[in-house]
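Peer 1: Submitted below is the structure of interest, expressed as structure tokens.
The values are calculated or read from the model by the stated rules, or taken from the named source; none is laboratory data. Quick caveat, the model's predicted, so the values are computed rather than measured. Methodologically, a virtual Cβ is constructed for each residue, glycine included, from the backbone with ideal geometry; neighbour enumeration extends over all protein chains shown. Areas reflect the complete protein model, heavy atoms only, side chains present, ligands, DNA and RNA absent. Shrake-Rupley method; radii C 1.70, N 1.55, O 1.52, S 1.80 Å.
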2 protein chains.
Amino acid sequence: MTVTVEILSVGNELLIGKVLNTNAQWLAKRLTVMGLNVRRITVAPDDVEEISNVVKEIINRKPDILITTGGLGPTFDDKTLEGIAKALDTTLETNPKAFHMIKEKYQNYAKERGLEKIELTPARVKMANLPKNAAPLPNPLGTAPGMIIECKNVKIVALPGVPPEMKAIFDESLEPMLKRLTGDVTFYETSLGVSGIMESELAPIIDKVMHDNPYVYIKSHPRGAEKTPHIELHISTTAKNPATARNHVTRALIQINDIIQTKGGKTKPFKTKPE
Amino acid sequence: MTVTVEILSVGNELLIGKVLNTNAQWLAKRLTVMGLNVRRITVAPDDVEEISNVVKEIINRKPDILITTGGLGPTFDDKTLEGIAKALDTTLETNPKAFHMIKEKYQNYAKERGLEKIELTPARVKMANLPKNAAPLPNPLGTAPGMIIECKNVKIVALPGVPPEMKAIFDESLEPMLKRLTGDVTFYETSLGVSGIMESELAPIIDKVMHDNPYVYIKSHPRGAEKTPHIELHISTTAKNPATARNHVTRALIQINDIIQTKGGKTKPFKTKPE
């Protein structure tokens, strides 16, 4: 059974186009390769009410997992945990484990900077305020811990928005947990470069090959304009067994390659991306 | 009154992390600079049911405008218009204007390639199938036209996923329409580089300056780890009058700069980005 995920990216900087949502892409890629199915990505502002609304909507769609990024830091506009708490109809409270993690971080920072101590101001303690019953996830690179909590069979995981910290917590805490959920599922993909044939001519061919290969997904990506056609066909699948995944993709690849060449199209050597 | 927008990006390639959602960032930036308020970005799969669900949810949230990208091409997995039609409880029908645009495109392509004609296959005619009562938006660079339709006071605009085509339709058809909606509103932003002070120390300072400058939004972006702090403060506003916008931002900038230097922090010359 496929494990389903939704991603929620929190941050006004994404909604004003100041930064690209590289976190969502990184997560989507990692989750897909692990065999999970990312069903939706949402970007919401730094606003408790809005975050809470989105989290409630996601819980109602019942994915197995919701991963949020951003909004865990010390500043007033880091509101993700407040939004999650509101959605879960609970409150934030200082989590003793999270408080201990943060206290240790500032002790270390003080030592490195040759200070006697760095005061635990309210802004710093704020990072230890988690929704009731949540567990903190250690942050190997930064200060704000991640968090995990479960609600109506949806596991909600909150990661920071700073990319290296987000990735470090994913690698250290989340990946092992997800592997237990998915078992050993493999995602396999390959690409075929096609020229000399228009995307609109490919449409019925892709249709036929996908029909003949039910486990395989084929998508065409136009790389030029329709009049100077150059198309990338992306062929992918997920399977329990890596050999099965590769076989499914290869079979579809050979079939579509044959049909395209019969129709006068040219294909380029397959760029295989092993994962 | 602020004009509100939601963006819906359609495409499995975004949900498997194959491509970065540069379209959403480009749109968010352009819309923000024009004074519009992007409230949410959603990424949905190439699935009629899912697209329809998302569109219905967005209509219920009553933004002034919904802009979709992707899923307008000739292939079987280009399903955005079918999803929109389903959400609007209507059907797709061949739009005479869109059909004419597409016919002309293929006549031109045939001429350029020295062919007598290129047949209008079902896959090609598909690009002229718009929801009933929709109007096509000409595509200066590619084949599939964009589309606009209104439902319950929400203007729904569908743009292609190929970035140059998306941008060309935005520039040619959408921007003039949006300017009529917003009037002449200006977005103004500047950045201040801060070092020698931790993000958690900045939090109460930002809070105070935003309180004193109600029209201004300030966000801190950590550029290093907490222990080697280097922070970018992004200060922005929107106003009818460009001078007003600049004044609001400058006043907040001077105030926060003074406070940071008083607390022993260092600031770098402001990178002003005129728009």
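Peer 1: Which value at 222 nm does chain B reach when only helices count, each DSSP H run of 4 or more adding -39,500 (n - 2.57), with the total divided by all residues and rounded to the nearest 500 deg cm²/dmol?
Peer 2: That comes out to -12000 deg cm²/dmol.
Peer 1: Kindly state, as a whole number, the per residue volume in cubic angstrom of the convex hull around the alpha carbon atoms of region A:122-275.
Peer 2: In region A:122-275, the Cα convex hull volume per residue is 167 Å³.
Peer 1: If R0 is 60 Å, what FRET efficiency do you get for residue B:259 and residue B:150 from their C-beta distance, rounded to 0.05?
Peer 2: That pair, residue B:259 with residue B:150, gives E of 0.80.
Peer 1: Further question: Taking the Cα centre of region A:186-272 as origin and charging only Cβ (+1 Lys, Arg; -1 Asp, Glu), how large is the dipole, in debye to the nearest 20?
Peer 2: Once rounded to the nearest 20, the dipole reads 240 debye.
Peer 1: Right, another one. Given the C-alpha centroids of region B:78-132 and region A:112-160, what is the distance between them in whole angstrom?
Peer 2: About 52 Å separates the Cα centre of region B:78-132 from the one of region A:112-160.
Peer 1: Could you give the dipole magnitude of chain B about its Cα centre, charging the beta-carbon of Lys and Arg +1 and that of Asp and Glu -1, in debye to the nearest 20? Before the final figure, lay out each step's value.
Peer 2: Details: 36 positive and 32 negative charges, 130 e Å.
Dipole magnitude for chain B comes out near 620 debye.
Peer 1: What is the Cα coordinate range of the protein assembly as shown on the first, second and third principal axes, sorted by size from largest, in whole angstrom?
Peer 2: 82, 59, 40 Å, listed from the longest principal axis down.
Peer 1: Straight-line reach only, C-alpha to C-alpha below 22 angstrom: list the lysines that residue A:132 could link to, leaving out same-chain residues fewer than 8 apart.
Peer 2: A:56, A:62, A:79, A:86, A:97, A:103, A:152, A:155
Peer 1: Quick check: at a probe of 1.4 Å, how many percent of the accessible area of region A:186-272 sits on carbon and sulfur atoms?
Peer 2: After summing per-atom areas, the C and S share lands at 54 percent.
Peer 1: At a 10 angstrom cut-off on C-beta neighbours, averaged per residue, how do the peptides A:170-182, B:163-175 rank from highest to lowest? Spell out each step's value before the answer.
Peer 2: Details: A:170-182: 15.6, B:163-175: 18.9.
Put in order of decreasing packing, that is B:163-175, A:170-182.
Peer 1: Could you compute how much accessible surface residue B:92 exposes when probed at 1.4 Å, giving the result in Å² to the nearest 10?
Peer 2: Surface open to solvent at residue B:92 totals about 70 Å².
Peer 1: Using a 1.4 Å probe on protein heavy atoms only, how many Å² of accessible area do B and A hide from each other, summed over both chains and rounded to 100?
Peer 2: 5400 Å²
Peer 1: For peptide B:5-13, compute the average count of partner chain beta-carbon atoms within 10 Å of each residue's beta-carbon.
Peer 2: Rounded to a whole number, the mean comes out at 2.
Peer 1: Using a basic spin-label model with each label point 7 Å from the Cα along Cα→Cβ, how many nm lie between residue B:241 and residue B:207?
Peer 2: 3.3 nm
Peer 1: Please report the net charge: other residues with Cβ closer than 15 Å to the Cβ of residue A:131, K and R +1, D and E -1.
Peer 2: On the way: positive: A:56, A:79, A:86, A:97, A:126, A:132, A:152, A:155; negative: A:78, A:82, A:89, A:93, A:150.
Within the 15 Å Cβ shell, the charges total +3.
Peer 1: To continue, here is another question. Mind checking the mean number of beta-carbon atoms from other chains within 10 Å of the Cβ atoms in A:115-125?
Peer 2: Going residue by residue through A:115-125 and averaging, the value is 3.
Peer 1: For the pair residue B:195/residue A:37, report the inter-label distance in nm, with labels modelled 7 Å from Cα in the Cβ direction.
Peer 2: 5.0 nm
Peer 1: In nm, what does the list of distances from residue A:56 to its counterparts in the other copies look like, shortest first, when each label sits 7 Å along Cα to Cβ?
Peer 2: Ordered by increasing distance: 1.9 nm.
Peer 1: Also, I was wondering about something else. Against the empirical 2.2 N^0.38 Å scaling, what ratio does the C-alpha Rg of region A:186-272 come to?
Peer 2: Taking the Cα Rg and dividing by 2.2 N^0.38 Å, one obtains 1.04.
Peer 1: Normalised by the residues of chain B, what does the relative contact order come to in percent, with Cα pairs under 8 Å and at least six apart?
Peer 2: That works out to 16 percent.
Peer 1: Let me ask another. Taking 0.36 nm per intervening residue step and subtracting the Cα-Cα distance, what contour gain separates residue A:56 from residue A:177 on full extension?
Peer 2: 41.2 nm
Peer 1: Name the residue farthest towards the positive end of the dipole of region B:18-122 from the options B:100, B:84, B:35, assuming +1 on Cβ of Lys and Arg, -1 on Cβ of Asp and Glu, about the Cα centre.
Peer 2: It is B:35, whose Cα lies furthest towards the positive end.
Peer 1: Percent of Cα-Cα pairs per 5 Å bin, from 0 to the last occupied bin, for region B:1-67, please list those.
Peer 2: In whole percents, the pair-distance histogram is 3, 17, 27, 22, 19, 9, 2, 0.
Peer 1: Modelling each spin label as a point 7 Å along the Cα-to-Cβ direction, I'd like the residue A:266/residue B:90 distance in nm, to one decimal.
Peer 2: 4.4 nm
Peer 1: Considering only DSSP states other than H, G, I, E and B, which trypsin sites (Lys or Arg not before Pro) in region A:83-152 qualify as loop sites with at most 11 other Cβ atoms within 10 Å? Before the final figure, lay out the partial values.
Peer 2: Values: sites: A:86, A:97, A:103, A:105, A:111, A:113, A:117, A:124, A:126, A:132, A:152; in loops: A:113, A:117, A:132, A:152.
Here the sparse-neighbourhood loop sites are A:113, A:117, A:152.
Peer 1: Within a 10 angstrom radius of each residue's Cβ in A:147-155, how many Cβ atoms of other chains show up on average? Whole number is fine.
Peer 2: 0
Peer 1: A further question on this structure: Which FRET efficiency value, to the nearest 0.05, is calculated for residue B:49 and residue A:116 with the Förster distance at 60 angstrom and r the Cβ-Cβ distance?
Peer 2: Calculated transfer efficiency: 0.45.
Peer 1: Could you give the accessible area per residue of the protein assembly as shown, probe 1.4 Å, as a whole number in Å²?
Peer 2: 43 Å²
Peer 1: Next question. Filter the GluC sites (Glu not before Pro) in region B:16-118 to those in DSSP coil with at most 16 other Cβ atoms within 10 Å of their Cβ, and list the result.
Peer 2: Values: sites: B:49, B:50, B:57, B:82, B:93, B:104, B:112, B:116; in loops: B:116.
Answer by residue number: B:116.
Peer 1: Need one number: convex hull volume per residue for chain A, Cα atoms only, in Å³.
Peer 2: Values: hull volume 43.7 nm³, N = 275.
In chain A, the Cα hull volume divided by residue count equals 159 Å³.
Peer 1: How charged is the neighbourhood of residue A:248? Take every other residue with its Cβ under 12 Å from the Cβ of residue A:248, and add Lys/Arg as +1 and Asp/Glu as -1.
Peer 2: +1
Peer 1: For region B:1-119, what is Rg from Cα atoms divided by 2.2 N^0.38 Å, rounded to two decimals?
Peer 2: 1.25
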